[in-house]
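Note sheet for the following structure.
The values are calculated or read from the model by the stated rules, or taken from the named source; none is laboratory data. This one's a predicted model, so the numbers in the text were calculated from it and none came from an experiment. Every residue, glycine as well, gets a Cβ built from its backbone with ideal geometry; the counts of neighbours run over all protein chains shown.
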Number of protein chains: 2
Amino acid sequence: MGESIYLAGFGVSLRVKKNSFLIFADGNKDTISASKVQKIVFLGSGKGVSIDAIRLAIKYRIPVFFAYSNGYPYAMLFPVVAVGTVKTRRAQYEAYNCDIGVELVLGILKGKLRNQANLIRFFWKSRKRTAPDLANRLKENAEAIKYLIAQLESIGSDRIDSDFRRKVMNIEARAAEMHYWPSFSLLLPTGFSFEKRVKPNAKDPVNALLNLGYGLLFMEVVKEVIYGGLDPYAGFLHADRSGRESLVLDLMEEFRQWCVDRLIIKLLSIRKLRPEEIMDGPKIRREIVGMFCKEFEDMMGSVFVNTYGEKRTMRGHISAQVLRVKRHLLEKEKYRPCIFMW
Amino acid sequence: MGESIYLAGFGVSLRVKKNSFLIFADGNKDTISASKVQKIVFLGSGKGVSIDAIRLAIKYRIPVFFAYSNGYPYAMLFPVVAVGTVKTRRAQYEAYNCDIGVELVLGILKGKLRNQANLIRFFWKSRKRTAPDLANRLKENAEAIKYLIAQLESIGSDRIDSDFRRKVMNIEARAAEMHYWPSFSLLLPTGFSFEKRVKPNAKDPVNALLNLGYGLLFMEVVKEVIYGGLDPYAGFLHADRSGRESLVLDLMEEFRQWCVDRLIIKLLSIRKLRPEEIMDGPKIRREIVGMFCKEFEDMMGSVFVNTYGEKRTMRGHISAQVLRVKRHLLEKEKYRPCIFMW
């Protein structure tokens, strides 16, 4: 599936020689063949790109993202010629008004909650001997989320209306606020605190890293959605957020826990970083952004197993999941979320 | 409405200082405030752009296009946050299956044919004394197109099906092949010949200039379509061309004659260019591309009057026309084509 080029440093420039990208950074030159690249991400300002590099990216169907240094992408570059047909998007719009949309929302949310519970149990395993009290609280939270999943299964509707949306959003919010984020907070190393999610302009290192990670995940998912011929703006669960890529946000729900949340707990624990080493005032330091992108990329290329026994790289799981959404919308095949083994 | 920055020369680079774009070309530096720019177009290779320039463009909602030197855009850069709502695109998809789509196709084609006839009459005016024989043939062609418009008015259908499409495409092809392009050919200065339209990789100067002009027109229209919240890929007349911006192609139909065809006849006549001065082997010379972009931009900013007495810049007419399509799709308001006075 190729690798990602993340350009976070100051003064970096991306150019071209024949069919390879040249990365000029700190007086060094790196060469990477275009056929091995799966996306290009510019993070932060103070960089340049040659038009030939943009043309080479398009020739190889490599999407190019431009993001703030906090990971929030503000622009995307895609080929003028679209993939897929209008047929897929037409099916996507029609699904919103019938039970196909309802089933997709329930499938995605079930996947999200099961991945939350499984991630908590994953950390419970390693804590049950070393920190039995903490482990007990984790276990209780995982059980509580399982109970909410059962409630989700009792909800039905013939279309996505405000009553349906209110019910599922309520269950999602209870899982997140009462059980998932409190567990996440317990798993952070000493020195880090986490009270609640702060989305734009987070100044605390944990929220800033979560936002960076979700920004990177967004770029992985939006690429698959656009190349899959789906309309990124026409979502189901997040349908009310006009102007945002609500379908991408929907699809991210199943992947946030294992792609981003787990990575952050792991990195903060293993690297023994102190909060002040991460932030430079209200922003994540450039070196930390670069390090995080590298770790994220390694995770995307690592093999994970889901509850169906499918062994794939994380990138492969995301790609397979977008295909499942398409088959659900076009062929009414029952949507099956991707749940990772703990 | 601001102006366009066309970057066609070799070695040009686009950078930023505060809220202005800096254009470095041939050792010179040009400064233009971002608030005055309405789009940025890179034509051909051998150039560069700073990430800060891309960020400034996005901040001011300025689309950035990357085109081959022949004018064909291969990539577009747009903000991640979309304008408009899913509602518009939903209406667009629904219109395809009912008479709303049929009326739009008929309106657009009527507009196209009337603009063809009017452009021929526009040139007839100036030729009727100096070249009466040629003028007579022009007049006959304009009359023949008017006759085809009357035929178009007798076509009806409750949806866009293959029978309807075949009928309208047949009338469109007869107008183009038998009357419009033969008139266009008669209007070219000596030394230029035009047998038929050649779309990609045209090697003769007239087709190469037409392709360049339509490429520039495409960028004007796609910008309005995307910012208007419409799906550029879901067209009506050109619906069968999957993977292409078929709605943009539909909307271009009314504007090709007065934006591009007229400009080419004018430029070739006034500038007294010889064919070999235009082409450099199979490509248009860089200086000619630059000159053409400048003339195109002047035309876009010039005032034209349509048959409803509306005086607007050409850019204003295009923008108004996209709004009319939206009102037709969303509010079922009868679509009214934009026909220019001869």
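I'm checking my understanding of the structure. Among residues of the stretch B:31-45 that are small (Gly, Ala, Ser) and within 11 Å of chain A (Cβ to nearest Cβ), which one is farthest from B:ILE284 (Cα to Cα)?
So in the stretch B:31-45, the residues small (Gly, Ala, Ser) come out as B:33-35, B:44-45.
Among the residues that remain, those that are also within 11 Å of chain A (Cβ to nearest Cβ) are: B:44-45.
Values: B:GLY44: 11, B:SER45: 14 Å.
Per the stated criteria, the residue is B:SER45.
Would you mind finding the one in A:ASN141, A:ASN136, A:ASN115, A:ASN70 that is more than 8 Å from chain B (Cβ to nearest Cβ) and part of a loop (DSSP other than H, G, I, E, B)?
Values: A:ASN141 fails: part of a loop (DSSP other than H, G, I, E, B); A:ASN136 fails: part of a loop (DSSP other than H, G, I, E, B); A:ASN115 fails: part of a loop (DSSP other than H, G, I, E, B).
Selected residue: A:ASN70, the only one of A:ASN141, A:ASN136, A:ASN115, A:ASN70 that is more than 8 Å from chain B (Cβ to nearest Cβ) and part of a loop (DSSP other than H, G, I, E, B).
If only one of B:ALA34, B:ALA67 is farther than 17 Å from B:GLU220 by Cα, in contact (Cβ under 8 Å) with a residue 24 or more places away in the chain and not assigned by TED's automatic domain parsing to the domain that holds B:TYR233, which one is it? Talk me through it step by step, then tell me what you get.
On the way: B:ALA67 fails: farther than 17 Å from B:GLU220 by Cα.
Matching residue, one of B:ALA34, B:ALA67: B:ALA34.
If I go through the stretch A:292-316 residue by residue, how many of them are without any contact (Cβ under 8 Å) to a residue 12 or more places away in the chain and in a helix (DSSP H, G or I)?
Here the count works out to 1.
Collect the residues in the stretch B:329-342 that are in contact with a Leu (Cβ under 6 Å, 6 or more places away or on another chain) and part of a helix (DSSP H, G or I), keeping them in residue-number order. Break it down stepwise before answering.
Initial filter on the stretch B:329-342 (in contact with a Leu (Cβ under 6 Å, 6 or more places away or on another chain)): B:335.
Once the filter is applied, which keeps residues that are in contact with a Leu (Cβ under 6 Å, 6 or more places away or on another chain) and part of a helix (DSSP H, G or I), the stretch B:329-342 yields nothing.
What residue, of B:ARG244, B:ARG271, B:ARG262, B:ARG286, is over 16 Å from B:LYS199 (Cα atoms), assigned by TED's automatic domain parsing to the domain that holds B:ASN201 and free of Cβ contacts under 8 Å to residues at least 40 places away in the same chain?
Details: B:ARG244 fails: over 16 Å from B:LYS199 (Cα atoms); B:ARG262 fails: free of Cβ contacts under 8 Å to residues at least 40 places away in the same chain; B:ARG286 fails: free of Cβ contacts under 8 Å to residues at least 40 places away in the same chain.
Of the residues listed, the single one that is over 16 Å from B:LYS199 (Cα atoms), assigned by TED's automatic domain parsing to the domain that holds B:ASN201 and free of Cβ contacts under 8 Å to residues at least 40 places away in the same chain is B:ARG271.
Only one of B:ILE51, B:ILE100, B:ILE108 is crowded, with 18+ Cβ neighbours inside 10 Å and within 14 Å of another protein chain (Cβ to nearest Cβ); which? Please lay out each step first, then the result.
Working: B:ILE100 fails: within 14 Å of another protein chain (Cβ to nearest Cβ); B:ILE108 fails: within 14 Å of another protein chain (Cβ to nearest Cβ).
Exactly one residue qualifies, and that residue is B:ILE51.
Just give me the residues in the stretch A:115-136 being buried (at least 18 other Cβ atoms within 10 Å of the Cβ) and more than 19 Å from A:VAL260 (Cα to Cα), in sequence order.
Scanning the stretch A:115-136 gives A:ARG127, A:ALA135.
Being within 13 Å of chain A (Cβ to nearest Cβ) and modelled with pLDDT of 85 or more is true for just one of B:LEU251, B:LEU216, B:LEU230, B:LEU237. Which residue is that? Even if it seems obvious, please write down each step before you answer.
Numbers: B:LEU251 fails: within 13 Å of chain A (Cβ to nearest Cβ); B:LEU216 fails: within 13 Å of chain A (Cβ to nearest Cβ); B:LEU237 fails: within 13 Å of chain A (Cβ to nearest Cβ).
B:LEU230 is the lone residue from the list that is within 13 Å of chain A (Cβ to nearest Cβ) and modelled with pLDDT of 85 or more.
What helices (runs of 4 or more DSSP H) lie completely within the stretch A:183-291 and have 3 or more residues being closer than 30 Å to A:ASP163 by Cβ?
Values: elements: A:205-227, A:246-252, A:262-271, A:275-278.
Per the criteria, A:205-227, A:246-252.
Which of the residues that make up the stretch A:54-67 are within 7 Å of chain B (Cβ to nearest Cβ) and surrounded by fewer than 21 Cβ atoms within 10 Å (Cβ to Cβ)? Break it down stepwise before answering.
Here is the first cut: in the stretch A:54-67, the residues within 7 Å of chain B (Cβ to nearest Cβ) are A:54-55, A:58, A:66.
Listed by number, the residues that qualify are A:ARG55, A:ILE58.
Which is more than 12 Å from chain A (Cβ to nearest Cβ), surrounded by fewer than 22 Cβ atoms within 10 Å (Cβ to Cβ) and either modelled with pLDDT under 90 or more than 30 Å from B:ARG312 (Cβ to Cβ) (or both), of B:ASN28, B:ASN19?
The match here is B:ASN28.
When A:GLU245 is evaluated against the numbered criteria (1) among the charged types (D, E, K, R); (2) crowded, with 22+ Cβ neighbours inside 10 Å; (3) within 19 Å of A:TYR180 (Cα to Cα), which criterion, by number, is the only one it fails?
(3)
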